[in-house]
1. Taking Leu133, is it within 24 Å of Pro322 (Cα to Cα), under 18 Å from the mean Cα position of the chain (by Cα) and not basic (Lys, Arg)?
2. Regarding Pro32, is this residue modelled with pLDDT under 90, open to solvent by 50 Å² or more (accessible area, probe 1.4 Å), under 26 Å from Phe299 (Cα atoms) and not hydrophobic (A, V, I, L, M, F, W, C)?
3. Grab the helices (runs of 4 or more DSSP H) fully contained in region 172-241, keeping just those with 2 or more residues being within 18 Å of Phe398 (Cα to Cα).
4. Tell me whether region 160-169 contains one or more residues that are open to solvent by 30 Å² or more (accessible area, probe 1.4 Å), in contact with a Phe, Trp or Tyr (Cβ under 7 Å, 6 or more places away or on another chain) and not in a helix (DSSP H, G or I).
5. Evaluate region 255-268: report whether one residue or more is of a type in the set (Ser, Thr, Tyr) and either surrounded by fewer than 13 Cβ atoms within 10 Å (Cβ to Cβ) or modelled with pLDDT of 70 or more (or both).
6. Is it the case that Glu386 is within 18 Å of the chain's Cα centre (by Cα), crowded, with 22+ Cβ neighbours inside 10 Å and under 30 Å from Ser94 (Cα atoms)?
7. Checking Lys58 against (1) under 24 Å from the mean Cα position of the chain (by Cα); (2) of a type in the set (D, E, K, R); (3) open to solvent by 20 Å² or more (accessible area, probe 1.4 Å), only one condition comes out false. Which one?
8. Only one residue in Val16, Val87 is assigned to a helix (DSSP H, G or I), at pLDDT 90 or above and open to solvent by less than 50 Å² (accessible area, probe 1.4 Å), so which one is that?
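The values are calculated or read from the model by the stated rules, or taken from the named source; none is laboratory data. Please read these numbers as outputs of a predicted model, since none were measured by experiment. Here Cβ is always computed from backbone atoms with ideal geometry, including for glycine, and neighbour counts include all displayed protein chains. For accessibility, only protein heavy atoms count, side chains too; no ligands or nucleic acids. Shrake-Rupley method; radii C 1.70, N 1.55, O 1.52, S 1.80 Å.
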Amino acid sequence: MRIKNKLIYYILCAYVILIPIIPNGLKLNIIPKIHEIPPFGISLLALLILIFFISAVKNWRGFIGNLKDFSTDFLGISMLALLGIMVISIFYASYRMIAITESARFLSYVLLYIIIKYNMDNNQVKGIINSYLFTFTVINIYGIFQKITGFALLSGYAVPGTNILRTNATFDNPNTFAAFLLIGAFPVLMMIVKGKNIISKSIFTIIFVMTLCNISFTGSRNSYLALAVGAVILAVIYSWYFLIGLGGIVGIAFAIPMVNTRLFQIGKGSIDAGRIHIWKTALKMIQEHPLLGVGNGNFTELYDTYVAKYKYLRYLNYSHYPSHNAYLKIESELGVVGGISFIAIILGAIIKVKSVIKNIEDKDLKLFYIGFFASMIGFFFMNLLESLFTVPEVVAYFWIFLACADALLYRERTNTY
């Protein structure tokens with residue numbers, strides 16, 4: 001293994017571990033002239049990309065070859081197409097700095113994908129997965145601690161109609177925490193299936209139970225539904241016995257007051273009217289800018305302009321509100337060109353992960369990706385009610401595991417393990 005690959009691998013593992021542990025950076029007054037340290041995840045990703053570019057300059061022929069391979073792959077083409085329309089949108093966006101920032105963020109994910117695909121081997125992919133399972137366990141433990149003690153709960157996120165605060169762990173929103181948990185829930189469940197001994201099975205069972213508890217504590221209705229969707233997918237692609245487990249979980253869920261309350265709030269006018277008004281605003285933007293949209297990241301910035309112009313779109317005192325739907329966000333900001341590219345990415349992701357499940361012989365990796373496939377479909381469903389593709393501490397894991405899947409397929413295709 002080359003020194004460069006080792007360095008990239010270690011930074012990747014650190015990145016995977018630290019993304020959710022310190023997602024918002026640190027504010028310090030003890031170091032002269034330094035009052036705020038940026039999120040560790042952003043710093044490590046920047047370092048990773050810097051090392052990648054230095055390596056690319058030294059081995060430009062290999063870099064060009066990898067870039068050609070990436071740009072002839074369906075998923076790669078789709079990612080480049082979406083990046084292209086994002087960059088173009090900078091020139092017509094009303095708020096160009098926002099468009100630049102969001103385009104740069106997506107570019108960083110494209111580069112991260114390329115780095116992982118062409119540098120990680122099978123054992124390193126396993127190391128990345130183990131790093132993720134470590135941080136996933138730590139955040140779960142902290143979530144339980146937060147629920148028990150009430151430490152650092154956000155006062156602005158109470159279950160409607162009650163004074164019960166929803167857990168958010170280290171994240172700035174309970175729904176973000178729920179999405180983070182969803183990504184890892186089904187891979188952990190499959191770890192129970194693959195457990196080689198009673199100790200391993202017991203440890204992963206405890207982690208899975210903590211995950212379900214924390215999802216219930218977030219009060220995220222979207223994650224409850226996404227969890228059910230993922231369980232159905234897992235039943236279809238692996239074993240119908242999971243439906244029995246789903247039935248048992250649903251029964252227990254209805255016995256938990258918070259979950260029961262939140263589930264019965266689905267569709268209630270007082271709870272969901274805000275989202276419906278926001279979606280109508282997105283549809284109005286799409287109607288007025290069907291081809292190219294209003295510019296990357298500009299939905300939130302233009303929200304106030306639209307509700308001022310079209311009074312029927314206004315809801316309470318909402319201001320600068322996000323779209324709460326990733327698909328409407330993409331379509332309203334990047335038009336039909338961006339919408340098609342985004343749907344192509346989703347289809348490409350499904351094809352990639354299914355190919356790993358079908359073709360990779362390593363049982364541990366196969367079972368992990370069976371679980372990830374279920375979580376991924378649940379994540380796609382959750383984005384019908386949230387806009388999580390712009391939340392770095394969640395979507396980073398989607399891109400990392402998707403890139404790892406492609407790395408496994410690339411090693412299989414090129415016979416370089």
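1. Values: within 24 Å of Pro322 (Cα to Cα): no; under 18 Å from the mean Cα position of the chain (by Cα): yes; not basic (Lys, Arg): yes.
No.
2. Values: modelled with pLDDT under 90: yes; open to solvent by 50 Å² or more (accessible area, probe 1.4 Å): yes; under 26 Å from Phe299 (Cα atoms): no; not hydrophobic (A, V, I, L, M, F, W, C): yes.
Here the answer is no, as Pro32 does not meet what is asked.
3. On the way: elements: 174-194, 198-218, 221-237.
Answer list for region 172-241: 174-194, 221-237.
4. Taking region 160-169 as the starting set, the residues that turn out to be open to solvent by 30 Å² or more (accessible area, probe 1.4 Å) are 160-165.
Filter once more, so that each one left must be in contact with a Phe, Trp or Tyr (Cβ under 7 Å, 6 or more places away or on another chain): 165.
So of that shortlist, the ones also not in a helix (DSSP H, G or I) come out as 165.
Yes, some residue in region 160-169 is open to solvent by 30 Å² or more (accessible area, probe 1.4 Å), in contact with a Phe, Trp or Tyr (Cβ under 7 Å, 6 or more places away or on another chain) and not in a helix (DSSP H, G or I).
5. Step one: filter region 255-268 for residues of a type in the set (Ser, Thr, Tyr), giving 261.
Imposing the further condition that a residue be either surrounded by fewer than 13 Cβ atoms within 10 Å (Cβ to Cβ) or modelled with pLDDT of 70 or more (or both) reduces the set to none.
No; the residues of region 255-268 include none that is of a type in the set (Ser, Thr, Tyr) and either surrounded by fewer than 13 Cβ atoms within 10 Å (Cβ to Cβ) or modelled with pLDDT of 70 or more (or both).
6. Taking the combined requirement at face value, the residue satisfies it.
7. Tallying (1) under 24 Å from the mean Cα position of the chain (by Cα); (2) of a type in the set (D, E, K, R); (3) open to solvent by 20 Å² or more (accessible area, probe 1.4 Å), Lys58 fails exactly one: (1).
8. Details: Val87 fails: open to solvent by less than 50 Å² (accessible area, probe 1.4 Å).
Just one listed residue meets the conditions, Val16.
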